[in-house]
Amino acid sequence: MAGIAGRMTRSRFVALLIALLAAAGLAVVAPGVAQARDGRGDVPRVGHVWTIILENKSYEATFTGLNQNDYLWKTLPSYGLLLRQYYGTGHFSLDNYISLVGGQSPAPDNQNDCPTYVDAKPATKAADGQVNVSSGCVYPASVPTLFNQLDQARVPWKIYAQDMGNTPGREDPYHCGIPGNPAGAGVPDPPSATAQDQYVAKHNPAPWFHSVTDNPNDCKNVVPLDGLPAATGHPAVNGLAQDLASEKSTPQFSWISPNNCSDAHDATCKGDNLSGDPNNHQGGLYAADLFLEKVVPQIMASPAFQKDGLIQVIFDEAFPPYKMYGNSIADFAGNATASLNVPTDVSQSVVACCNELPGPNTAQPGFQAFGQDTTPGGGITGAVFISRYITPGSISDQPYNHYSWLRSTEDLFGVRKGGSDGDGHLGFAGADGLRPFGADVYNNPSGKALPPAPSGTVVYPATASSDDPAVPAVPAPK
Amino acid sequence: MRNGVPALTLVVLLGLAGCSAGAAPDDAASVVARLGAVPIPTAPAVAPVERADAAHPQVLAMGEPVDATVPGGAARVSVLGPEITPAPSPTGPPEQGSAAFTVQVAAGSGTVAVAATDLSGRDDHGRALVLTSMGPATAVSVPGAAPATLRVTAEVHAGAAQITWRHAGAAMALWTFNAELD
């Protein structure tokens with residue numbers, strides 16, 4: 001080696017050094033290698049993401065023992081990270097889904113869950129990648145989503161919607177799950193859950209963007225959770241379980257919308273709640289636990305997850321919007337029911353996160369806050385993430401919201417161009433200073449698998465059990 | 001010296017490059033072999049049932065059973081629901097509706113009765129839920145018989161609320177729920 005160096009000029013030697021360093025670097029950033037970074041903060045090479053979205057629960061309802069949804073409250077955080085300040089961006093459901101995948105702020109009809117499935121108007125461009133929408137809910141083809149970005153980045157993706165297509169003719173499982181044609185007068189009162197089909201379009205992000213629904217190839221990626229058998233003119237469609245069988249068949253990004261029972265929305269389910277008891281229709285977090293107990297281990301046993309996967313369990317909004325930290329400054333007085341327009345308990349309020357702006361279409365996202373205090377936003381829901389790049393039993397108190405989620409997902413999959421900031425971030429995901437998930441989330445960068453933390457070390461419950469000591473011993477932070 | 005230090009550096013770098021390029025297959029099996037398998041959280045086959053008595057009342061999710069010990073007996077008690085019929089609303093999702101709850105009582109020992117008057121409710125605005133029985137006003141259960149049921153209704157508003165069961169005036173269990181009206 002000394003001879004080789006001795007025969008080289010200094011400049012050639014330096015060039016060789018740089019080449020070797022680059023080669024070493026390339027080897028290190030190969031997908032799946034834990035120490036790798038993508039240059040946008042402390043983000044390991046997570047290669048597969050599953051986002052499971054649940055419905056309408058405040059942080060307190062879900063993660064403090066107020067409900068005995070043990071699997072989500074106790075078990076999953078002991079295997080991953082509890083984000084104690086994850087926020088929704090509005091009320092009711094639909095505006096949150098639109099913020100998540102499009103970076104669009106709430107508009108009058110989508111924060112009213114779209115009583116009519118109809119095209120948005122006037123749908124003209126506004127600042128910050130926003131769109132002016134005074135009525136309607138379905139965004140024009142000129143408004144891109146995360147799914148379009150993933151198409152451009154050649155990242156395979158799928159939306160799995162539980163029950164979609166169960167009742168023929170109700171929603172179109174071969175056309176992104178749309179409940180009808182949004183042109184003209186649109187579709188009044190899109191169907192709500194039934195005993196046979198608990199799919200609701202407002203909990204599926206695809207039907208609300210022509211940039212997705214107008215593309216048949218994209219709609220092939222929007223499938224029922226359990227797939228579909230072959231039908232006239234349509235081949236069989238794989239569901240989640242089949243896609244998880246191998247890494248090759250697993251999309252890199254999977255969005256999972258449980259039905260209106262399994263997502264904790266309905267207090268009493270219209271149909272099956274996965275309990276195995278046909279007479280048991282209990283909903284809420286009880287039903288969400290049943291769903292998660294089935295699906296999370298299913299995903300975690302897959303090759304793709306074990307290689308480089310990340311599971312995210314998030315909620316769309318906090319309902320009712322209990323506060324966890326801070327407080328708002330005013331009581332809302334615009335409810336249609338006059339009895340709600342009274343000063344409320346200061347322990348219940350909506351607090352916004354992350355400098356959330358209202359956007360061009362509403363004075364205050366989350367304004368219909370059930371008679372609660374009304375600073376902008378959707379309230380604190382909390383979230384749980386599980387990955388080999390995350391330390392079991394860890395906590396982040398860094399505030400994030402749905403726009404942070406979008407920005408993080410764009411970064412994770414290498415979207416670098418376009419968006420409202422020219423850097424790949426759509427709408428308000430490109431807001432100055434918005435923080436994506438960082439080292440507080442990906443806090444086990446080596447990727448070395450770690451055992452679960454003892455259950456109950458993550459949070460001390462808000463309610464006591466008979467086994468608790470009189471003075472609770474709170475474990476020191478890790 | 002001028003040639004010796006870079007040469008040593010080169011040896012190290014070549015070694016690093018060689019190791020990295022040759023030792024990091026990225027298929028799932030290789031990653032698991034190198035970094036370990038991520039443990040999978042399996043749920044218990046049978047969910048545990050909480051126990052309650054007058055000294056240790058329980059907070060439960062709606063639908064969860066509780067094994068309650070009362071003077072003279074013990075029973076598994078659960079409250080199911082609410083089954084909500086939203087009130088018509090011309091301006092978007094309704095803000096209130098009629099809710100039905102079902103109380104199930106299965107005595108394991110003694111005779112255990114739960115009356116509508118043993119139940120009370122309150123929502124997150126502090127409003128009382130006015131509970132009215134549908135059919136028999138008391139469910140009486142004895143061991144070995146089918147569970148006794150009691151149906152009650154109340155007007156509820158969108159939001160969170162709770163149903164509390166008291167026995168002889170002492171709180172035994174409190175079931176929380178969200179009233180979803182959209």
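Remarks
- Karplus-derived HN-Hα couplings along the range A:56-63 (A = 6.51, B = -1.76, C = 1.60, θ = phi - 60°), whole Hz, x at Gly and Pro: 6, 9, 6, 3, 4, 5, 9, 10
- For the pair the range A:157-187 / the range B:84-108, the C-alpha centres are spaced 28 Å from each other.
- Tensor-based shape of chain B (alpha-carbon gyration tensor, a/c under 1.5 rounded, otherwise prolate or oblate): prolate
- Ranked by the mean number of other Cβ atoms within 10 Å of their residues, highest first, the peptides A:116-122, B:39-45 come out as A:116-122, B:39-45.
- Relative contact order of the range B:50-179, defined on C-alpha pairs under 8 angstrom at six or more residues apart (%): 27
- Entries in A:Lys125/A:Lys220; A:Lys248/A:Lys307; A:Lys57/A:Lys307 that, when Cα-Cα distance is taken, lie over 22 Å: A:Lys125/A:Lys220; A:Lys57/A:Lys307
- Links that overshoot a 31 Å alpha carbon limit, given the list A:Lys270/A:Lys448; A:Lys294/A:Lys417; A:Lys294/A:Lys448; A:Lys121/A:Lys270; A:Lys121/A:Lys158; A:Lys74/A:Lys417: A:Lys270/A:Lys448; A:Lys294/A:Lys417; A:Lys121/A:Lys270; A:Lys74/A:Lys417
- Near A:Asp163, the amide H atoms lying under 5 Å from its own belong to A:Leu225, A:Asp226; only residues 5 or more places off or on other chains count, and H is placed 1.01 Å from N.
- Neighbour-count order for B:Leu119, B:Leu150, fewest beta carbons within 10 angstrom listed first: B:Leu119, B:Leu150
- Order of A:Lys448, A:Lys57, A:Lys74 under a 10 Å beta carbon neighbour criterion, fewest first: A:Lys448, A:Lys74, A:Lys57
- Prolate/oblate/rounded call for the range A:177-330, Cα gyration tensor, a/c under 1.5 rounded: rounded
- By the beta-carbon count within 10 Å of each Cβ, the least crowded to most crowded order of A:Leu290, B:Leu181, fewest first, is B:Leu181, A:Leu290.
- Nearest-20 debye value, chain B charge dipole, Cβ charges on Lys, Arg, Asp, Glu: 480
- Extension gain, B:Ala55 back to B:Ala145 (0.36 nm per residue minus Cα-Cα distance, nm): 29.6 nm
- Shape call, the range A:51-430: gyration tensor on alpha carbons, a/c limit 1.5: rounded
- Residue with peak Gaussian network fluctuation, chain B [Cα springs, cutoff 10 Å], from B:Val38, B:Val70, B:Val112: B:Val38
- The helix-based estimate of mean residue ellipticity at 222 nm for chain B, built from -39,500 (n - 2.57) per DSSP H run of four or more residues and divided by its residue count, is -4500 deg cm²/dmol to the nearest 500.
- The charge dipole of the range A:51-430, taken about the Cα centre with unit charges on the Cβ atoms of Lys, Arg (+1) and Asp, Glu (-1), comes to about 660 debye, rounded to the nearest 20.
- The mean sequence distance of close C-alpha pairs (under 8 Å, at least 6 residues apart), as a share of the length of the range A:51-430, puts its relative contact order at 29 percent.
- Note on B:Ala100 and B:Asp27: their simple-model spin labels are 5.8 nm apart, each label 7 Å out from Cα toward Cβ.
- Highest-MSF residue in chain B out of B:Asp53, B:Asp118, B:Asp26 [GNM, Cα springs under 10 Å]: B:Asp26
- Backbone HN-Hα couplings from phi across the range A:122-130 [Karplus 6.51/-1.76/1.60, Hz, Gly and Pro as x]: x, 6, 9, 6, 10, 5, 6, x, 8
- Treating r as the C-beta distance of A:His234 and A:Thr167 and R0 as 25 Å, the FRET efficiency rounds to 0.95.
- Simple spin-label estimate for A:Thr116 and B:Ser109 in nanometres, 7 Å along Cα-Cβ: 6.5
- On the beta carbon distance between B:Thr138 and A:Arg154, with R0 = 56 Å, the FRET formula returns roughly 0.25.
FYI, it's all coordinate maths here, none of it is from the lab. As the structure is a computational prediction, the values presented were derived from the model and not from experiment. In this analysis, Cβ positions are derived from the backbone assuming ideal geometry, glycine residues included, and neighbour counts consider all displayed protein chains.
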